[in-house]
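Asks: Structure incoming, see below.
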Amino acid sequence: MKRALITGVTGQDGLYLSELLLSKGYEVYGLIRGQNNPKAELVRRTVPGVKLLTGDITDLASLIRAFGEAQPDEVYNLGAISFVAYSWENAKLTSDVTGQGVLNVLEATRLYAGDDISKVRFYQASSSEMFGKVQDVPQRETTLLWPRSPYGVAKVFGHYMTINYRESYGMHASSGILFNHESPRRGPEFVTRKVTQAVARISLGLQDSISLGNLDAKRDWGFAGDYVDAMWRMLQQDEADDYVVATGETHSIRELLDVAFSHVGIDDWEGKVVQDPRFFRPAEVDLLIGDPTKARERLDWTPKVGFLELVRMMVESDVAQQKELAGR
Ligand code: F7E
(Lines give C-alpha, C1' and ligand atoms only; values in the text may rest on other atoms or scores of the structure.)
Protein backbone atom coordinates (compact mmCIF):
# COMPACT_ATOMS: atom_id res chain seq x y z
CA MET A 1 0.00 0.00 0.00
CA LYS A 2 1.48 3.36 -1.05
CA ARG A 3 1.53 6.24 1.42
CA ALA A 4 0.95 9.88 0.52
CA LEU A 5 1.35 13.10 2.49
CA ILE A 6 -0.69 16.11 1.36
CA THR A 7 -0.13 19.68 2.54
CA GLY A 8 -3.11 21.97 1.98
CA VAL A 9 -5.48 19.05 2.50
CA THR A 10 -8.32 21.34 3.65
CA GLY A 11 -8.52 23.10 0.28
CA GLN A 12 -10.52 22.22 -2.82
CA ASP A 13 -7.63 20.31 -4.44
CA GLY A 14 -6.65 18.59 -1.19
CA LEU A 15 -10.13 17.11 -0.87
CA TYR A 16 -10.31 15.90 -4.50
CA LEU A 17 -6.79 14.50 -4.38
CA SER A 18 -7.53 12.69 -1.10
CA GLU A 19 -10.58 11.07 -2.69
CA LEU A 20 -8.56 10.01 -5.73
CA LEU A 21 -5.68 8.53 -3.72
CA LEU A 22 -8.00 6.73 -1.27
CA SER A 23 -9.86 5.22 -4.25
CA LYS A 24 -6.50 3.90 -5.50
CA GLY A 25 -5.81 2.23 -2.15
CA TYR A 26 -3.30 4.75 -0.77
CA GLU A 27 -2.86 5.46 2.90
CA VAL A 28 -3.36 9.23 2.94
CA TYR A 29 -1.98 11.67 5.51
CA GLY A 30 -3.07 15.30 5.53
CA LEU A 31 -1.24 18.15 7.21
CA ILE A 32 -3.49 20.45 9.21
CA ARG A 33 -2.33 23.86 10.38
CA GLY A 34 -3.14 25.80 13.50
CA GLN A 35 -4.93 25.26 16.76
CA ASN A 36 -8.45 23.89 16.45
CA ASN A 37 -8.51 24.52 12.68
CA PRO A 38 -12.22 24.84 11.74
CA LYS A 39 -11.56 23.17 8.38
CA ALA A 40 -10.37 19.93 10.03
CA GLU A 41 -14.01 18.98 10.48
CA LEU A 42 -14.66 19.44 6.75
CA VAL A 43 -11.83 17.02 5.94
CA ARG A 44 -13.06 14.46 8.52
CA ARG A 45 -16.57 14.65 7.08
CA THR A 46 -15.64 14.65 3.36
CA VAL A 47 -12.76 12.19 3.34
CA PRO A 48 -12.93 10.25 6.62
CA GLY A 49 -10.16 7.90 5.48
CA VAL A 50 -7.52 10.65 5.67
CA LYS A 51 -5.28 10.63 8.74
CA LEU A 52 -4.65 14.15 9.98
CA LEU A 53 -1.30 15.36 11.24
CA THR A 54 -0.55 18.72 12.81
CA GLY A 55 2.03 20.92 11.12
CA ASP A 56 2.73 24.08 9.20
CA ILE A 57 4.75 24.50 6.02
CA THR A 58 6.47 27.54 7.57
CA ASP A 59 7.76 25.35 10.43
CA LEU A 60 10.41 22.88 9.24
CA ALA A 61 10.54 20.98 12.55
CA SER A 62 6.81 20.28 12.37
CA LEU A 63 7.27 18.97 8.82
CA ILE A 64 10.09 16.65 9.86
CA ARG A 65 7.81 15.22 12.56
CA ALA A 66 4.93 14.78 10.10
CA PHE A 67 7.19 13.00 7.58
CA GLY A 68 8.36 10.68 10.37
CA GLU A 69 4.77 9.70 11.11
CA ALA A 70 3.48 9.49 7.54
CA GLN A 71 6.56 7.77 6.03
CA PRO A 72 5.35 8.91 2.59
CA ASP A 73 6.19 7.48 -0.84
CA GLU A 74 4.62 10.57 -2.42
CA VAL A 75 4.38 14.15 -1.17
CA TYR A 76 1.91 16.63 -2.67
CA ASN A 77 2.63 20.23 -1.69
CA LEU A 78 -0.71 22.00 -2.17
CA GLY A 79 -0.42 24.25 0.89
CA ALA A 80 -0.41 27.97 0.07
CA ILE A 81 -2.09 31.29 0.56
CA SER A 82 -3.89 31.07 -2.76
CA PHE A 83 -6.05 34.18 -3.11
CA VAL A 84 -4.21 36.50 -5.49
CA ALA A 85 -6.01 39.73 -4.43
CA TYR A 86 -5.08 39.12 -0.77
CA SER A 87 -1.40 38.81 -1.68
CA TRP A 88 -0.94 42.57 -2.23
CA GLU A 89 -2.19 43.32 1.28
CA ASN A 90 -0.15 40.49 2.84
CA ALA A 91 2.85 40.25 0.56
CA LYS A 92 5.38 39.12 3.16
CA LEU A 93 3.09 36.48 4.61
CA THR A 94 2.30 35.22 1.09
CA SER A 95 6.02 35.07 0.35
CA ASP A 96 6.68 33.12 3.57
CA VAL A 97 3.89 30.58 3.03
CA THR A 98 3.45 30.27 -0.73
CA GLY A 99 7.17 30.74 -1.54
CA GLN A 100 9.46 29.81 1.37
CA GLY A 101 7.00 27.12 2.47
CA VAL A 102 7.89 25.15 -0.67
CA LEU A 103 11.56 25.21 0.29
CA ASN A 104 10.67 23.85 3.73
CA VAL A 105 8.67 20.96 2.28
CA LEU A 106 11.44 20.18 -0.23
CA GLU A 107 14.01 20.24 2.55
CA ALA A 108 11.87 18.01 4.80
CA THR A 109 11.52 15.62 1.84
CA ARG A 110 15.29 15.55 1.29
CA LEU A 111 16.04 15.00 4.99
CA TYR A 112 13.44 12.25 5.20
CA ALA A 113 14.88 10.50 2.12
CA GLY A 114 18.38 10.50 3.63
CA ASP A 115 20.82 8.48 1.50
CA ASP A 116 18.10 7.14 -0.79
CA ILE A 117 16.61 10.12 -2.62
CA SER A 118 14.59 7.73 -4.84
CA LYS A 119 12.45 6.60 -1.91
CA VAL A 120 10.08 9.58 -2.16
CA ARG A 121 8.48 11.61 -4.98
CA PHE A 122 7.43 15.26 -4.71
CA TYR A 123 4.72 17.31 -6.41
CA GLN A 124 4.66 21.12 -6.36
CA ALA A 125 1.45 23.03 -7.10
CA SER A 126 2.77 25.68 -9.45
CA SER A 127 0.37 28.13 -11.03
CA SER A 128 -0.52 29.87 -14.29
CA GLU A 129 -0.30 33.13 -12.26
CA MET A 130 3.45 32.79 -12.87
CA PHE A 131 2.85 33.71 -16.53
CA GLY A 132 1.28 37.05 -15.50
CA LYS A 133 2.02 39.49 -18.30
CA VAL A 134 2.01 36.68 -20.81
CA GLN A 135 4.97 36.38 -23.18
CA ASP A 136 3.42 33.63 -25.39
CA VAL A 137 -0.13 32.75 -26.37
CA PRO A 138 -0.94 30.00 -25.49
CA GLN A 139 1.36 29.53 -22.50
CA ARG A 140 3.47 26.40 -22.32
CA GLU A 141 6.20 24.92 -20.08
CA THR A 142 8.92 26.97 -21.82
CA THR A 143 7.11 30.34 -21.74
CA LEU A 144 9.04 33.08 -19.92
CA LEU A 145 7.57 33.74 -16.48
CA TRP A 146 6.51 37.33 -15.71
CA PRO A 147 4.44 37.30 -12.52
CA ARG A 148 2.16 40.27 -11.78
CA SER A 149 1.27 39.72 -8.11
CA PRO A 150 3.13 38.93 -4.87
CA TYR A 151 1.37 35.55 -5.08
CA GLY A 152 2.75 34.96 -8.58
CA VAL A 153 6.27 35.96 -7.50
CA ALA A 154 6.10 33.54 -4.54
CA LYS A 155 4.93 30.72 -6.86
CA VAL A 156 7.86 31.40 -9.21
CA PHE A 157 10.24 30.94 -6.26
CA GLY A 158 8.62 27.60 -5.37
CA HIS A 159 8.65 26.49 -9.01
CA TYR A 160 12.37 27.13 -9.52
CA MET A 161 13.22 25.68 -6.11
CA THR A 162 11.46 22.46 -7.15
CA ILE A 163 13.49 22.36 -10.38
CA ASN A 164 16.62 23.08 -8.36
CA TYR A 165 16.06 20.15 -5.99
CA ARG A 166 15.51 17.91 -9.02
CA GLU A 167 18.75 19.09 -10.61
CA SER A 168 20.85 19.34 -7.42
CA TYR A 169 19.86 16.15 -5.61
CA GLY A 170 18.25 14.01 -8.32
CA MET A 171 14.95 14.26 -6.44
CA HIS A 172 11.85 13.02 -8.30
CA ALA A 173 10.31 16.50 -7.99
CA SER A 174 7.65 17.54 -10.49
CA SER A 175 5.84 20.79 -10.90
CA GLY A 176 2.31 21.09 -12.28
CA ILE A 177 1.65 24.52 -13.77
CA LEU A 178 -2.07 24.42 -13.14
CA PHE A 179 -4.38 26.93 -14.78
CA ASN A 180 -7.50 28.05 -12.88
CA HIS A 181 -9.50 25.04 -11.72
CA GLU A 182 -12.87 25.26 -10.08
CA SER A 183 -15.66 23.16 -8.59
CA PRO A 184 -18.58 23.41 -6.17
CA ARG A 185 -15.88 23.17 -3.45
CA ARG A 186 -14.16 26.37 -4.61
CA GLY A 187 -13.97 29.13 -1.98
CA PRO A 188 -16.49 31.97 -2.50
CA GLU A 189 -13.69 34.59 -2.74
CA PHE A 190 -12.74 33.31 -6.24
CA VAL A 191 -14.66 34.74 -9.15
CA THR A 192 -16.34 31.57 -10.46
CA ARG A 193 -17.83 30.58 -7.12
CA LYS A 194 -18.61 34.18 -6.21
CA VAL A 195 -20.66 34.38 -9.43
CA THR A 196 -22.39 31.00 -9.14
CA GLN A 197 -23.31 31.61 -5.50
CA ALA A 198 -24.70 35.07 -6.29
CA VAL A 199 -26.58 33.81 -9.37
CA ALA A 200 -28.17 31.08 -7.25
CA ARG A 201 -29.24 33.63 -4.62
CA ILE A 202 -30.54 36.09 -7.23
CA SER A 203 -32.59 33.32 -8.90
CA LEU A 204 -34.15 32.48 -5.52
CA GLY A 205 -34.92 36.13 -4.74
CA LEU A 206 -32.40 36.21 -1.87
CA GLN A 207 -30.27 39.05 -3.29
CA ASP A 208 -30.58 41.64 -6.06
CA SER A 209 -27.12 42.11 -7.52
CA ILE A 210 -23.45 41.16 -7.43
CA SER A 211 -20.41 43.48 -7.18
CA LEU A 212 -17.40 42.51 -9.28
CA GLY A 213 -14.14 43.98 -10.59
CA ASN A 214 -12.68 43.58 -14.07
CA LEU A 215 -15.15 41.77 -16.34
CA ASP A 216 -12.78 41.60 -19.32
CA ALA A 217 -10.07 39.36 -17.81
CA LYS A 218 -9.88 35.96 -19.50
CA ARG A 219 -9.07 32.68 -17.85
CA ASP A 220 -8.57 29.04 -18.86
CA TRP A 221 -10.98 27.40 -16.42
CA GLY A 222 -11.04 23.64 -15.82
CA PHE A 223 -12.55 21.25 -13.28
CA ALA A 224 -10.47 20.63 -10.13
CA GLY A 225 -11.50 16.94 -10.07
CA ASP A 226 -9.78 16.46 -13.45
CA TYR A 227 -6.67 18.38 -12.44
CA VAL A 228 -5.77 16.31 -9.36
CA ASP A 229 -5.56 13.27 -11.64
CA ALA A 230 -2.81 15.06 -13.60
CA MET A 231 -0.90 15.60 -10.32
CA TRP A 232 -1.00 11.90 -9.56
CA ARG A 233 0.04 10.96 -13.12
CA MET A 234 3.14 13.19 -12.86
CA LEU A 235 4.39 11.19 -9.89
CA GLN A 236 3.88 7.86 -11.70
CA GLN A 237 6.36 8.78 -14.49
CA ASP A 238 9.90 7.36 -14.59
CA GLU A 239 11.31 10.89 -14.78
CA ALA A 240 10.16 14.00 -12.94
CA ASP A 241 9.28 17.02 -15.10
CA ASP A 242 7.14 20.18 -15.38
CA TYR A 243 3.73 20.15 -17.03
CA VAL A 244 1.11 22.72 -18.01
CA VAL A 245 -2.34 21.51 -16.95
CA ALA A 246 -5.08 23.44 -18.76
CA THR A 247 -8.05 23.04 -21.09
CA GLY A 248 -6.65 25.12 -23.98
CA GLU A 249 -9.78 27.32 -23.99
CA THR A 250 -10.20 30.80 -22.57
CA HIS A 251 -13.30 32.73 -21.46
CA SER A 252 -13.93 36.19 -20.03
CA ILE A 253 -15.75 36.98 -16.77
CA ARG A 254 -18.56 38.29 -19.02
CA GLU A 255 -18.89 34.86 -20.62
CA LEU A 256 -18.91 33.29 -17.16
CA LEU A 257 -21.80 35.62 -16.27
CA ASP A 258 -23.64 34.75 -19.53
CA VAL A 259 -23.50 31.01 -18.85
CA ALA A 260 -24.27 31.21 -15.13
CA PHE A 261 -27.23 33.61 -15.45
CA SER A 262 -28.73 31.89 -18.49
CA HIS A 263 -28.70 28.58 -16.60
CA VAL A 264 -31.26 30.04 -14.17
CA GLY A 265 -33.27 31.61 -17.00
CA ILE A 266 -31.89 35.19 -16.80
CA ASP A 267 -30.64 36.37 -20.20
CA ASP A 268 -30.05 40.05 -19.48
CA TRP A 269 -27.79 40.36 -16.44
CA GLU A 270 -26.44 43.90 -17.04
CA GLY A 271 -28.72 45.44 -14.38
CA LYS A 272 -27.71 42.84 -11.82
CA VAL A 273 -23.94 43.33 -11.99
CA VAL A 274 -22.27 46.32 -10.34
CA GLN A 275 -18.64 47.11 -11.09
CA ASP A 276 -16.85 48.04 -7.88
CA PRO A 277 -13.30 49.53 -7.84
CA ARG A 278 -12.58 47.54 -4.65
CA PHE A 279 -12.37 44.37 -6.73
CA PHE A 280 -9.91 45.67 -9.32
CA ARG A 281 -6.29 44.59 -8.81
CA PRO A 282 -3.17 46.81 -8.75
CA ALA A 283 -1.82 44.79 -11.70
CA GLU A 284 -4.08 42.46 -13.69
CA VAL A 285 -3.37 39.25 -15.56
CA ASP A 286 -5.46 39.94 -18.66
CA LEU A 287 -5.33 36.67 -20.54
CA LEU A 288 -4.47 33.11 -19.63
CA ILE A 289 -4.75 30.17 -22.00
CA GLY A 290 -2.65 27.05 -21.56
CA ASP A 291 -1.26 24.57 -24.05
CA PRO A 292 -1.67 21.14 -22.42
CA THR A 293 -0.02 19.20 -25.28
CA LYS A 294 2.84 17.85 -23.14
CA ALA A 295 0.46 16.59 -20.42
CA ARG A 296 -1.67 14.92 -23.09
CA GLU A 297 1.25 13.26 -24.86
CA ARG A 298 3.36 12.21 -21.85
CA LEU A 299 0.76 11.71 -19.11
CA ASP A 300 -2.13 10.65 -21.36
CA TRP A 301 -4.15 13.32 -19.50
CA THR A 302 -7.11 15.22 -20.95
CA PRO A 303 -9.71 17.29 -19.12
CA LYS A 304 -13.16 15.66 -19.08
CA VAL A 305 -15.35 18.55 -17.89
CA GLY A 306 -15.67 21.57 -20.21
CA PHE A 307 -16.43 25.20 -19.34
CA LEU A 308 -20.23 25.05 -19.86
CA GLU A 309 -20.61 21.86 -17.85
CA LEU A 310 -18.37 23.23 -15.09
CA VAL A 311 -20.31 26.48 -14.65
CA ARG A 312 -23.67 24.70 -14.78
CA MET A 313 -22.50 22.13 -12.22
CA MET A 314 -21.47 24.94 -9.88
CA VAL A 315 -24.71 26.90 -10.34
CA GLU A 316 -26.80 23.79 -9.67
CA SER A 317 -24.83 22.95 -6.56
CA ASP A 318 -25.22 26.51 -5.26
CA VAL A 319 -28.96 26.59 -5.97
CA ALA A 320 -29.36 23.37 -3.96
CA GLN A 321 -27.16 24.71 -1.15
CA GLN A 322 -28.98 28.07 -0.97
CA LYS A 323 -32.38 26.35 -0.93
CA GLU A 324 -31.23 24.17 1.93
CA LEU A 325 -29.89 27.17 3.86
CA ALA A 326 -33.08 29.16 3.24
CA GLY A 327 -35.24 26.21 4.36
CA ARG A 328 -33.50 25.85 7.69
O1 F7E B 1 -9.81 35.79 -10.37
C2 F7E B 1 -11.30 38.78 -12.01
C3 F7E B 1 -9.91 38.93 -11.41
O4 F7E B 1 -9.67 35.28 -7.94
C5 F7E B 1 -9.96 35.52 -11.74
C6 F7E B 1 -6.22 31.06 -7.82
O7 F7E B 1 -6.63 29.73 -7.68
O8 F7E B 1 -6.09 30.81 -10.19
C9 F7E B 1 -6.66 31.60 -9.18
O10 F7E B 1 -6.24 32.94 -9.28
C11 F7E B 1 -10.16 36.80 -12.51
C12 F7E B 1 -9.13 37.90 -12.22
O13 F7E B 1 -8.58 33.73 -9.65
C14 F7E B 1 -13.66 39.71 -9.44
O15 F7E B 1 -9.45 40.28 -11.54
C16 F7E B 1 -13.27 40.23 -11.50
O17 F7E B 1 -8.73 38.48 -13.43
O18 F7E B 1 -11.00 33.75 -9.43
P19 F7E B 1 -9.83 34.62 -9.26
P20 F7E B 1 -7.06 34.07 -10.07
O21 F7E B 1 -6.62 35.38 -9.53
O22 F7E B 1 -6.93 33.86 -11.53
C23 F7E B 1 -4.66 30.73 -10.22
C24 F7E B 1 -4.26 29.75 -11.27
C25 F7E B 1 -4.08 30.45 -8.88
O26 F7E B 1 -3.03 29.83 -8.77
C27 F7E B 1 -4.70 31.12 -7.71
O28 F7E B 1 -4.33 30.50 -6.49
O29 F7E B 1 -11.42 37.35 -12.18
N30 F7E B 1 -12.37 39.29 -11.15
N31 F7E B 1 -14.09 40.51 -10.47
C32 F7E B 1 -12.58 38.94 -9.88
N33 F7E B 1 -11.95 38.04 -9.09
C34 F7E B 1 -12.42 37.90 -7.82
N35 F7E B 1 -11.82 37.01 -7.02
N36 F7E B 1 -13.46 38.65 -7.34
C37 F7E B 1 -14.13 39.58 -8.11
O38 F7E B 1 -15.06 40.22 -7.67
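The values are calculated or read from the model by the stated rules, or taken from the named source; none is laboratory data. Please read all numbers here as calculations on a predicted model, not as lab measurements. Please note: Cβ atoms are built from the backbone with ideal geometry, for glycine as well, and neighbour counts cover all protein chains shown. These accessible areas exclude ligands, DNA and RNA; they are computed on the full protein's heavy atoms, side chains included. Shrake-Rupley method; radii C 1.70, N 1.55, O 1.52, S 1.80 Å.
Asks: Just the number, please: carbon plus sulfur as a percent of the accessible area of the chain, 1.4 Å probe, no ligands or DNA/RNA counted. Walk me through the numbers before you get to the answer.
Replies: Working: 6850 of 14420 Å².
Answer for the chain is 48 percent, counting heavy atoms of protein chains only.
Asks: Hey, can you find the accessible area per residue of the chain for me, probe 1.4 Å, expressed in square angstrom?
Replies: Numbers: 14420 Å² over 328 residues.
Value returned for the chain: 44 Å² of accessible area per residue.
Asks: Determine the percent antiparallel among the DSSP beta bridges restricted to the chain, to the nearest 5.
Replies: Taking every DSSP beta bridge with both residues in the chain, the antiparallel ones total about 5 percent.
Asks: Starting from the amide H of residue 242, placed 1.01 Å from N in the peptide plane, find each other amide H under 5 Å away whose residue is 5 or more places distant or on another chain.
Replies: Under 5 Å from the amide H of residue 242 lie the amide H atoms of 175, each far enough along the sequence or on another chain.
Asks: Under a point-charge model restricted to the Cβ atoms of Lys and Arg (+1) and Asp and Glu (-1), what is the dipole moment magnitude of region 88-238 relative to its Cα centre, in debye to the nearest 20?
Replies: Details: 17 positive and 17 negative charges, 53 e Å.
In total the dipole reaches around 260 debye.
Asks: Place a +1 charge on the Cβ of each Lys and Arg in the chain and a -1 charge on the Cβ of each Asp and Glu, then give the dipole magnitude about the Cα centre in debye, rounded to the nearest 20. Show your work: numbers first, answer last.
Replies: On the way: 37 positive and 45 negative charges, 152 e Å.
About 740 debye.
Asks: Which of rounded, prolate or oblate describes the chain when judged by the alpha-carbon gyration tensor and an a/c cut-off of 1.5? Don't jump to the answer; show the numbers that get you there.
Replies: On the way: a/c = 1.79, a/b = 1.48, b/c = 1.21.
Because a/c hits 1.5 or more and a/b exceeds b/c, the chain counts as prolate.
Asks: Using θ = phi - 60° and the Karplus curve 6.51 cos²θ - 1.76 cosθ + 1.60, what whole-Hz ³J(HN,Hα) does each residue of region 13-18 get, with Gly and Pro shown as x?
Replies: 5, x, 5, 5, 5, 4
Asks: Rounded to the nearest 500 deg cm²/dmol, what is the calculated helix-only ellipticity per residue at 222 nm for the chain, with -39500 (n - 2.57) per DSSP H run of length n ≥ 4?
Replies: Details: 12 runs with 135 residues, N = 328.
Theoretical 222 nm ellipticity from helices: -12500 deg cm²/dmol.
Asks: Once phi is turned into ³J(HN,Hα) by the Karplus curve 6.51 cos²θ - 1.76 cosθ + 1.60 with θ = phi - 60°, what whole-Hz value does each residue of region 45-53 show in order, with x for glycine and proline?
Replies: Result, rounded to whole Hz: 6, 7, 10, x, x, 6, 8, 8, 10.
Asks: In region 171-285, what % of DSSP beta bridges are antiparallel (nearest 5)? All intermediate terms of the calculation are to be shown ahead of the outcome.
Replies: Values: 2 of 11 bridges.
Here the share of antiparallel DSSP bridges comes out near 20 percent.
Asks: Round to a whole angstrom and tell me the spacing of the C-alpha centers of region 117-132 and region 172-192.
Replies: 13
Asks: Further question: Amide H of residue 182: which non-local residues (sequence gap of 5 or more, or other chain) have their own amide H closer than 5 Å, using H built in the peptide plane?
Replies: 222, 223, 224
Asks: Tell me the net charge near residue 216. Cut-off is 12 Å between Cβ atoms, residue 216 excluded, with +1 for each Lys or Arg and -1 for each Asp or Glu.
Replies: Working: positive: 218, 219, 254; negative: 255, 284, 286.
Residues close to residue 216 contribute a combined charge of 0.
Asks: Also: Amide H neighbours of residue 30 under 5 Å, at least 5 residues apart or on other chains, H built in the peptide plane: list them.
Replies: Excluding prolines and chain starts, which carry no amide H, the hits are 6, 51, 52, 53.
Asks: Could you give each residue of region 84-95 its phi-based ³J(HN,Hα) in whole Hz, using Karplus coefficients 6.51, -1.76, 1.60 with θ = phi - 60°, and x for Gly or Pro?
Replies: Karplus-based 3J(HN,Hα) across region 84-95 equals 4, 4, 5, 5, 6, 7, 9, 5, 5, 4, 4, 5 Hz.
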